[in-house]
1. Quick one: which helices (runs of 4 or more DSSP H) lie wholly within the stretch A:142-233 and hold at least 3 residues that are open to solvent by 20 Å² or more (accessible area, probe 1.4 Å), assigned by TED's automatic domain parsing to the domain that holds residue A:325 and within 19 Å of residue A:250 (Cα to Cα)?
2. Within the stretch A:419-442, work out how many residues are surrounded by 11 or more Cβ atoms within 10 Å (Cβ to Cβ) and more than 11 Å from RNA strand B (Cβ to nearest atom).
3. Looking only at strands (runs of 3 or more DSSP E) that lie completely in the stretch A:339-444, which have at least 1 residues being of a type in the set (Ser, Thr, Tyr) and modelled with pLDDT of 90 or more?
4. Residues in the stretch A:274-296 that are near RNA strand B (Cβ under 8 Å from one of its atoms) and open to solvent by 20 Å² or more (accessible area, probe 1.4 Å): how many?
5. For the list (1) among the charged types (D, E, K, R); (2) within 24 Å of residue A:307 (Cβ to Cβ); (3) at pLDDT 90 or above; (4) away from RNA strand B (no atom under 16 Å from the Cβ), I need the number of the one condition that residue A:175 fails.
6. Report whether or not residue A:102 is open to solvent by less than 40 Å² (accessible area, probe 1.4 Å), in contact with a Leu (Cβ under 8 Å, 6 or more places away or on another chain) and of a type outside the set (D, E, K, R).
7. Restricting to the stretch A:1-33, give me the number of residues that are outside any loop (DSSP other than H, G, I, E, B), open to solvent by 100 Å² or more (accessible area, probe 1.4 Å) and at pLDDT 85 or above.
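The values are calculated or read from the model by the stated rules, or taken from the named source; none is laboratory data. No experiment lies behind these values; they were computed from the predicted model shown. Here the Cβ positions follow ideal geometry from the backbone for every residue, glycine too, while neighbour counts run over all protein chains shown. All accessible areas refer to the heavy atoms of the entire protein, side chains included, with ligands and DNA or RNA removed. Shrake-Rupley method; radii C 1.70, N 1.55, O 1.52, S 1.80 Å.
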Amino acid sequence: MSDSLITPRTMSGFRDFLPEMMIPRERLMETARQVYRKYGFSPIDTPTLEYAEILTGKGSDETDRQMYRFQHGKHDVAMRFDLTVPLARFVAQHQNELGMPFKRYHIAPVWRGERPQAGRYREFAQCDFDTIGTTSIASDIEIVMVINDLMRAIGFEKFSIRMNNRKVLNGVLEKSNLAEHSVPVLRALDKLAKIGRDKVKTEMAEATGASDEQLDQILMLAEIKGTANEVLEQLVPLCSGNELAEQGREELAQIVAATEAVGFPEGTLSIDVSIARGLDYYTGTIVETFLDDLPEFGSVCSGGRYDNLAQLYTKTELPGIGASLGLDRLLAAMEKLDMIPPVKTPADVLIVFFDKSQLHYYLKLAQDLRAAGLGVELYPDAKKLNKQYKYADRRGFAATLIAGGDEIERGIVQVKWMADGTQVELPVADGGKEIAEWIKNQQG
RNA sequence: GUGGCUGUAGCUCAAUUGGUUAGAGCGCUGGAUUGUGAUUCCAGAGGCUGGGGGUUCAAGUCCCCUCAGUCACCCCA
C-alpha cells in the first residue's frame, strides 16, 4: 500500500552523513584526538541528557531558549547544547577522583534549537579541550598552540587565530565608567567588523545612554590595528591607570612572547580588541579562529579563560581555559573549499574476483595484505571485469589487484594504480609485503 | 524564535508566462567488451513538479497552509 509509506526525511537542521562525508569527518575527529593526546588531554564522555537544572543555571535566557527540553515522567530533562557546561558539572562531581590540574578532551554531538544556516546546524559535533584547575598563563599559551597544531594537522594553512582579553575590555569599561553596562557594550562591540563603527556606536548609545566621549574611548580601543606587538604597544596608554586592564594587556603580551619563543608561524596569531564573545563566563583570554578563505563562516575554533567554571555546583574554585573546535562547521567549510576527496571507501585496495574457483586463494591474499597493513576489499561476485573495475573507480579505491590462473601459477598478482593506470606484477610469496610497500610508496 | 527568497529525476537546470503525454546534460542500471575503470557507442530505469488545500474549463506556473533549504536578525561551532 503506497499510501501507508512514511516519507523518509530528517528534521530541519539535522543531517545524514553518507560515506564520502563520514570518511573525512572521522578523519577529522581522529586528527583532533591525536593532537589533543600529544598535549596530554585525556578523553572523557558525559551523557547526552542532563537534568534541566544542570544546564539552565549557567546560560543566558538565549541558551535556555535554544535548548531541547522535555518532561520524561517526573523529570525535567534537557539535551546538552555545549560541552562546557557538562564539563563544569563533571569536574564538580568528580574533582576528588580527577585531581587538579585536569586536562580533558571531549568529542561529542550537541543540540541547539536555532534556525539553521550555512555551516550552522541543530545537531553538530564539538571537539572541546580544556585545562581545569590552574590559572597559569602557561595553559593559555598551550591552548593557542593546540589550535595552531590542530588547524595545520587538518590541512589548513590560511587561517588566523584572533585573541583578546576580557580584562582589557572590562578595565577600559571601568575607566570609562561603563562597567555596569559591560554586557550590551561588549555585545555591540563584537559586531564591529560586521556592521561598522557607526551602527555599533548607535547600538551602544541606545543600550547604555553613554556619552559620545565615553563611547569613542571604547571604539578607539577596538579599532587598534596592526601586528600583535604593534597592538600591544598601542594598548599601553589606553590601559594605563587601570589595574585590570594593565593585567589583561600583560597576559596578552606574555602569550605573544611565548608563541614567538616557540617559533609560532608569523601572522597566525593576532590581537583583535573588538572580539568579546557572547558567553558571559569568560573572564580572561578569549580566542577565535577564522578561515582566511571563508571569513563569513564565523569562528571554527573558539574559547577562552574562565575563573570559576563550576561555581553553580561546588564551592571549590575551579578556574580553567579551553576551546572548542566546530567539527561540522569545519567540515562544511572544507566541502566548500573542495578539500574533500571523492572517496567512498575506507579501503586502499580492491581484489578483483576473477576466477570463480579461486575464492579461497583470493580470501587468503586479502588476509595477508590486511596483515601487511592495507585496507582490502574482495569483490563479492565473479562479475565481468568491466563491472569490477568500474566499481573500484567509482568508490575511489587507490589500487586494484587481479590474479587469474596464469598469475596464480607464477605466484604473482597484477597490481594497478587507478589514478594513472600504472600496472606492475608483484610476487605474493612474501605474504604481500612487497605489494603493501609498493602501494604505500605510490600513496606517498 | 521573527522576517525575506527558493523548492521540477540522485545532481545541475529547461518547459513559448495558465493550455495536450513535464524535457536535457551529468549520474545510475544493462549491453557493445567471460583479462581492465576514468575516454567512445547503444539501450533502459528513474517524476503524484516537496506535501496538503483552494481558484479555474484547464495549475509545474496563481492564492493559502505546511515541510525543507537558503539569507538576514538573534545567537553561535
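1. Hits in the stretch A:142-233: A:166-175.
2. 15
3. Per the criteria, A:399-402.
4. Qualifying residue count for the region: 5.
5. With (1) among the charged types (D, E, K, R); (2) within 24 Å of residue A:307 (Cβ to Cβ); (3) at pLDDT 90 or above; (4) away from RNA strand B (no atom under 16 Å from the Cβ) applied to residue A:175, the lone miss is (3).
6. Criteria not met by residue A:102.
7. Pass one, the stretch A:1-33, residues outside any loop (DSSP other than H, G, I, E, B): A:2-4, A:19-33.
In the following step, the residues that additionally are open to solvent by 100 Å² or more (accessible area, probe 1.4 Å) were identified as A:3, A:26-27.
Of the ones still in play, those that are also at pLDDT 85 or above are A:26-27.
Within the stretch A:1-33, residues that are outside any loop (DSSP other than H, G, I, E, B), open to solvent by 100 Å² or more (accessible area, probe 1.4 Å) and at pLDDT 85 or above number 2.
A quick yes/no check of all residues on (1) in contact with a Lys or Arg (Cβ under 7 Å, 6 or more places away or on another chain); (2) near RNA strand B (Cβ under 6 Å from one of its atoms); (3) open to solvent by 20 Å² or more (accessible area, probe 1.4 Å):
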| position | (1), (2), (3) |
| --- | --- |
| A:368 | no, no, yes |
| A:373 | no, no, yes |
| A:380 | no, no, yes |
| A:392 | no, no, no |
| A:395 | yes, no, yes |
| A:398 | no, no, yes |
| A:407 | no, yes, yes |
| A:417 | no, no, yes |
